[in-house]
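Accompanying notes for the structure given below.
The values are calculated or read from the model by the stated rules, or taken from the named source; none is laboratory data. Worth saying up front: this structure is predicted, and the values here are computed from it rather than measured. Note that each Cβ is placed from the backbone with ideal geometry, even for glycine, and that neighbours are counted across all protein chains shown.
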């Protein structure tokens with residue numbers, strides 16, 4: 001059982017709760033291999049996808065996950081609704097709640113938006129990315145993928161390369177990996193490293209060669225082009241030269257190291273095409289596992305809510 | 001003539017650093033006598049101050065009254081009522097209203113409204129630049145003649161060093177202090193809290209301490225160049241304290257203030273995305289708080305001022321990034337000063353009182369802040385033993401945006417006198433039941 005109403009971040013979860021979600025995702029993965037990919041588990045439940053930031057992958061993944069579980073889904077995204085009319089998050093949330101949503105999946109540019117929403121709605125809130133804060137379901141699918149490929153998480157060395165400062169994916173993964181006993185390294189240009197990560201037990205590098213050495217997982221983060229105009233980086237070629245993950249750098253990692261990326265990729269910038277499409281890459285597995293992990297999250301939170309209703 | 005006698009209280013004289021039992025006789029709005037066993041006339045109103053401290057009227061030199069232009073946040077009437085309830089007999093009104101207080105007409109409006117409200121005194125602060133836009137100097141002379149006591153573009157730093165130099169030269173000529181909101185906007189851009197570990201965890205954009213310190217350093221150098229009296233508003237970092245300490249030792253005319261929230265809270269208060277803890281400058285680290293207390297104790301920081309910044313509930317009830325900066329402070333300041341500074345011995349009682357009376361009065365060239373025979377009867381009564389739980393809903397301020405809701409504070413203002421007008425600001429005798437903080 002999950003102890004909280006919502007899934008706001010991996011900071012709030014215990015190792016056991018994370019393992020429960022991963023184990024549940026394993027069962028969901030099996031559903032996805034069936035010819036008819038549908039179970040009646042969440043029939044009659046309403047899942048609202050509330051997306052204030054553009055997203056193709058995460059939204060599609062949540063929508064499919066809900067549909068495989070037979071939930072009814074509603075998608076509300078910026079550009080297609082009263083979000084554009086200037087209605088605040090609070091009012092939209094109250095509307096969604098009044099409509100009878102059981103689960104609200106929120107993607108928002110402001111850190112803390114999911115936590116804010118959760119205080120005002122009875123529905124379970126799943127954080128699908130809040131600013132630079134957390135993106136828990138991405139980290140859970142990453143943990144699932146690592147566990148699937150490596151058979152374990154404990155004792156592994158996982159290196160994140162890139163824009164750590166702006167990355168909610170890195171933050172959620174740091175919590176999750178640390179709780180499951182992996183050693184976490186982060187590496188990037190000094191301008192893209194947030195202060196204080198060492199206090200979480202993370203090893204911080206600016207040299208990619210050192211950071212990659214002997215690692216079991218190389219996790220390449222997406223580099224947003226706006227970082228150049230913000231004066232944080234000199235340019236794309238410079239970045240590719242210093243931090244781009246290519247075959248040569250990958251060779252310094254452990255022999256059976258895997259390469260991950262949350263997508264979408266900038267081939268030739270943070271990751272060389274031959275690495276992205278190479279045998280070490282598990283990027284497409286991440287996408288497939290994402291649906292299973294989100295099914296698990298929806299199932300566990302909706303079930304928790306059902307239990308709540310039963311006992312109160 | 002109306003007369004009062006404040007009996008059996010303990011008078012605090014911040015100038016001579018003395019604390020002694022005495023009665024205070026007020027006749028016709030002025031202090032007629034201070035001494036033991038005074039007696040009034042038959043018609044003299046007796047105020048029983050047993051167990052209370054009798055202080056010079058407290059002055060808060062950094063308040064946002066929001067009127068004109070933002071009356072949904074606060075008005076001059078509600079803000080000055082909040083001042084009285086917080087034990088303040090006078091406040092400085094910052095000029096970032098709409099329109100900005102950048103000319104005599106706006107200052108005159110503020111003074112008229114304050115007079116009509118009849119609560120605490122209001123001293124307007126005028127803008128440094130027209131519209132506080134940092135481009136052209138505002139008319140200092142006409143504003144001074146209208147009653148403006150300092151110049152500031154508070155809320156913004158005057159980033160143009162040349163214009164700041166000229167503003168300081170001009171202000172020095174008029175012998176009016178310049179109050180600087182020290183924040184280099186290029187360094188703090190996009191930030192919503194202190195840059196550091198907590199911001200990293202919360203995924204919020206940080207404002208580095210250097211954004212404040214770069215600005216403090218430049219303004220100190222310009223004060224040195226121009227001979228202008230520079231007053232640094234709301235100091236929040238250890239580095240800024242150090243720069244001011246060094247400048248004072250060098251003989252630069254610089255003074256500084258700190259807010260109760262900056263000497264009490266750290267960036268940890270932002271956890272949970274509490275928008276009431278979103279202030280500018282941001283709440284810093286425990287090391288900064290320690291340095292601020294050190295600065296208070298050694299005199300580097302002259303003044304305690306609240307930076308009272310009321311906002312409406314809707315404005316604060318939102319995502320952290322979207323919420324405006326600021327916290328109300330008038331009605332928690334005395335409790336925080338007594339609980340956080342006097343009680344643990346960071347400051348002696350006269351030292352703490354000086355930072356809210358005689359020191360701001362000197363900086364602003366006001367004839368106020370002391371209890372003396374013949375002086376205007378601005379007096380604050382504080383019960384140092386009375387405990388109170390902070391209940392924002394009871395605030396006289398329209399703004400309920402405090403991070404101290406539910407805190408139990410010891411040291412409560414019970415009455416204030418403004419020029420011989422007496423306001424009882426707490427129900428007498430009754431001590432509110434409290435829960436532990």
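Specify which of the listed residues (A:112, A:79, A:86) is surrounded by fewer than 14 Cβ atoms within 10 Å (Cβ to Cβ) and either modelled with pLDDT of 90 or more or more than 24 Å from the chain's Cα centre (by Cα) (or both).
Just a single option satisfies the conditions, and that option is A:86.
From A:165, A:106, which residue is under 22 Å from residue A:17 (Cα atoms) and either under 19 Å from the mean Cα position of the chain (by Cα) or crowded, with 23+ Cβ neighbours inside 10 Å (or both)?
Going through A:165, A:106 in turn, the sole match is A:106.
Please name all residue pairs, on different chains or six or more residues apart, with Cβ atoms under 7 Å, provided the first residue is in the stretch A:166-180 and is closer than 12 Å to residue A:127 by Cβ and the second residue is assigned to a helix (DSSP H, G or I).
Within 7 Å, the pairs are A:172/A:10; A:172/A:136; A:172/A:138; A:172/A:139.
Inside the stretch A:182-199, can you point out the residues that are under 15 Å from residue B:208 (Cβ atoms) and away from chain B (no Cβ under 11 Å)?
Correct list: A:190, A:191.
State whether the residues of the stretch A:26-44 include one that is touching a helix residue (DSSP H, G or I) at 6+ places or on another chain (Cβ under 8 Å) and within 14 Å of chain B (Cβ to nearest Cβ).
There is no residue in the stretch A:26-44 that is touching a helix residue (DSSP H, G or I) at 6+ places or on another chain (Cβ under 8 Å) and within 14 Å of chain B (Cβ to nearest Cβ).
Any residue that is more than 12 Å from chain B (Cβ to nearest Cβ), at pLDDT 95 or above, over 26 Å from residue A:113 (Cα atoms) and outside any strand (DSSP E or B) - is there at least one of those in the stretch A:157-177?
No - not one qualifying residue is present in the stretch A:157-177.
Residue-wise test of (1) part of a helix (DSSP H, G or I); (2) more than 14 Å from every other protein chain (Cβ to nearest Cβ); (3) within 17 Å of the chain's Cα centre (by Cα); (4) in contact (Cβ under 8 Å) with a residue 24 or more places away in the chain.
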site: B:281; (1), (2), (3), (4): no, yes, yes, yes
site: B:294; (1), (2), (3), (4): yes, yes, no, yes
site: B:310; (1), (2), (3), (4): no, yes, yes, yes
site: B:320; (1), (2), (3), (4): no, no, no, yes
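Given the criteria free of Cβ contacts under 8 Å to residues at least 60 places away in the same chain, over 23 Å from residue B:382 (Cβ atoms), within 14 Å of chain A (Cβ to nearest Cβ) and surrounded by fewer than 18 Cβ atoms within 10 Å (Cβ to Cβ), does residue B:314 qualify?
Yes: the conditions hold for residue B:314.
Looking at (1) touching a residue at least 12 places away in the same chain (Cβ under 8 Å); (2) surrounded by fewer than 23 Cβ atoms within 10 Å (Cβ to Cβ); (3) more than 22 Å from residue A:220 (Cβ to Cβ); (4) out of contact with any strand residue (DSSP E or B) (no Cβ under 6 Å at 6 or more places or on another chain), which is the one condition that is false for residue A:151?
Only one criterion in (1) touching a residue at least 12 places away in the same chain (Cβ under 8 Å); (2) surrounded by fewer than 23 Cβ atoms within 10 Å (Cβ to Cβ); (3) more than 22 Å from residue A:220 (Cβ to Cβ); (4) out of contact with any strand residue (DSSP E or B) (no Cβ under 6 Å at 6 or more places or on another chain) is unmet by residue A:151, namely (1).
Here's a check for you: in the stretch A:200-226, which residue that is crowded, with 18+ Cβ neighbours inside 10 Å and within 14 Å of chain B (Cβ to nearest Cβ) is nearest to residue A:155 (Cα to Cα)?
The extreme case among them is A:202.
Determine, yes or no, whether residue A:74 is touching a residue at least 12 places away in the same chain (Cβ under 8 Å) and crowded, with 18+ Cβ neighbours inside 10 Å.
no
Looking at residue B:253, is it touching a helix residue (DSSP H, G or I) at 6+ places or on another chain (Cβ under 9 Å), free of Cβ contacts under 8 Å to residues at least 40 places away in the same chain, assigned by TED's automatic domain parsing to the domain that holds residue B:314 and surrounded by fewer than 24 Cβ atoms within 10 Å (Cβ to Cβ)?
yes
Go through the stretch B:196-221 and give me each residue that's more than 8 Å from chain A (Cβ to nearest Cβ) and in a loop (DSSP other than H, G, I, E, B).
Answer for the stretch B:196-221, where residues must be more than 8 Å from chain A (Cβ to nearest Cβ) and in a loop (DSSP other than H, G, I, E, B): just B:208.
Among the residues of the stretch B:176-195, what is the count of those that are facing another protein chain (nearest Cβ under 9 Å) and out of contact with any strand residue (DSSP E or B) (no Cβ under 9 Å at 6 or more places or on another chain)?
Result for the stretch B:176-195: 0.
Run down B:252, B:334, B:241 and say which single residue is more than 14 Å from every other protein chain (Cβ to nearest Cβ), at pLDDT 95 or above, in a helix (DSSP H, G or I) and over 24 Å from residue B:89 (Cα atoms).
After applying the criteria, what remains is B:241.
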